[in-house]
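Colleague: Pasting a structure below so you can have a look.
The values are calculated or read from the model by the stated rules, or taken from the named source; none is laboratory data. Everything numeric here is computed off the predicted structure, so don't read it as measured data. We place every Cβ from the backbone using ideal geometry, glycine too, and count neighbours over all the protein chains shown.
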Amino acid sequence: MKVGIVGAGAVGAACLTALVGRGCAREIVVVNRNRKRAHGLVTDVQYGAVLAPAVELRDGDYADLEGAALVMITAGVNEKSGGATDRNDPAGRLRLLDSNVEAYKEIVPRLHAAAPRALVLVVTDPPDPLADAVRLLGHDRVLSTGTYLDSLRFRLHLARRLGVRPADVEAQILGEHGTSEVFVWSSARVAGAPVLAVLANSDRDREKLLDDVEREVRFANIAIIEGIGASQHGIGMVSARIAEIILRDERALIPVGAYHQRYGGTLSLPTILGRDGPLRIVEPEMTADERMKLERSAETLRAAVAQIKL
């Protein structure tokens, strides 16, 4: 099946490389405002793609997205260039919204004209309100990468403290991919046992451990940017995995950003995902405190969307 990537920057390049490695697409088209950059990226990746399952790679214009089943949008200002790397800034990634809405005003109408039935995956930060911007710009088949990457980070940092593989930990972050994200500690499990119960039986300071894990996850992107300049590889792999789930109609259950009428906007909840996009929500049990935090996260996102000027 055919996949498009709009944006040939660091994240777009990471998405392309990861998507080739997954081997789930037969054709990938990269579109970039500066087509020479897209051409250079495709030329570079195509040589390594000889080692991957058969795939046709090419750069193109929006018209070349015709027939795409999925289009990832990675274009826009990133956290470093957009000034969203202050750990004490409550706005976080939302500080990039106005600038990236301007980019989306140019991208979405052209994408929609070429591929009106494509499922759009918003990767650009902040992905949740930008997914709502895509809808407001006339393309309603859209989801965001949401808190899938955050949830993987949560699992990794829990696993390290528990001394197990991340694959053995079940844990989710819901709501905004940003400062108001909600750690659902009450449903975190390892070997079927509640993580909080396991931690209660250890001699470590549980509250400090919880606080340390949350801090490491919340600011993982900033730590990455301080090291290599851009948070790109993790989100590239996550985006490719989402593409694989969609293209193969896996109906996998993951925390991903989709529009929820109840919450009045796009946010992440556990979602069954298939070829037609979000199919069904499986909302977990939460404590009263977690539920309140999720409502606050939704309110934060609604307020951000309300400020969008189209």
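Colleague: Hey, which of the helices (runs of 4 or more DSSP H) in the stretch 202-278, taking only ones fully inside, have at least 2 residues that are over 25 Å from VAL120 (Cβ atoms)?
Modeller: Once the helices (runs of 4 or more DSSP H) in the stretch 202-278 are filtered for at least 2 residues that are over 25 Å from VAL120 (Cβ atoms), what remains is 206-218, 220-228.
Colleague: Name the strands (runs of 3 or more DSSP E) wholly inside the stretch 1-76 in which the number of residues that are under 17 Å from the mean Cα position of the chain (by Cα) and surrounded by 23 or more Cβ atoms within 10 Å (Cβ to Cβ) is 2 or more.
Modeller: Output list reads 2-6, 70-73.
Colleague: Any residue at all in the stretch 219-236 that is in the same structural domain as ALA298 (by TED's automatic domain parsing), among the hydroxyl-bearing types (Ser, Thr, Tyr) and at pLDDT 95 or above?
Modeller: Step one: filter the stretch 219-236 for residues in the same structural domain as ALA298 (by TED's automatic domain parsing), giving 219-236.
Pick out the ones that are also among the hydroxyl-bearing types (Ser, Thr, Tyr) and you get 231.
Right, trim to at pLDDT 95 or above and you get none.
No - not one qualifying residue is present in the stretch 219-236.
Colleague: Also, quick follow-up: Are there any pairs, at least 6 apart or on different chains, whose C-beta atoms fall under 6 Å, with the first in the stretch 51-66 and closer than 7 Å to VAL29 by Cβ and the second outside any strand (DSSP E or B) and of a type in the set (Gly, Ala, Ser), and if so, which?
Modeller: Partner pairs satisfying both residue conditions: LEU65/ALA114; LEU65/ALA115.
Colleague: Here is a list of conditions, (1) modelled with pLDDT under 90; (2) touching a helix residue (DSSP H, G or I) at 6+ places or on another chain (Cβ under 9 Å), and GLU207 meets all of them except one; can you say which number that is?
Modeller: Condition not satisfied by GLU207: (2).
Colleague: On to the next question. Over 22 Å from GLY4 (Cβ atoms), under 17 Å from the mean Cα position of the chain (by Cα) and buried (at least 17 other Cβ atoms within 10 Å of the Cβ) - does that describe any residue in the stretch 245-257?
Modeller: Yes; the residues of the stretch 245-257 include at least one that is over 22 Å from GLY4 (Cβ atoms), under 17 Å from the mean Cα position of the chain (by Cα) and buried (at least 17 other Cβ atoms within 10 Å of the Cβ).
For every residue, the table says whether it meets (1) in contact with a Gly (Cβ under 9 Å, 6 or more places away or on another chain); (2) within 17 Å of ILE235 (Cβ to Cβ).
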{"position": "ASP61", "(1), (2)": "no, no"}
{"position": "ASN78", "(1), (2)": "yes, yes"}
{"position": "ASN88", "(1), (2)": "no, no"}
{"position": "PRO109", "(1), (2)": "yes, no"}
{"position": "ALA114", "(1), (2)": "yes, no"}
{"position": "ALA118", "(1), (2)": "yes, no"}
{"position": "VAL123", "(1), (2)": "yes, yes"}
{"position": "ASP128", "(1), (2)": "yes, yes"}
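Colleague: Scanning for something modelled with pLDDT of 95 or more and under 22 Å from ASP276 (Cα atoms), does the stretch 34-43 turn up at least one residue?
Modeller: The answer is no; no qualifying residue exists.
Colleague: Got a sec? Which of LYS293, LYS309 is assigned to a helix (DSSP H, G or I) and of a type in the set (Lys, Arg)?
Modeller: Details: LYS309 fails: assigned to a helix (DSSP H, G or I).
Residue meeting the stated conditions: LYS293.
Colleague: Which numbered condition trips up THR179, out of (1) in a strand (DSSP E or B); (2) modelled with pLDDT under 95?
Modeller: Going through the list (1) in a strand (DSSP E or B); (2) modelled with pLDDT under 95, THR179 breaks only (1).
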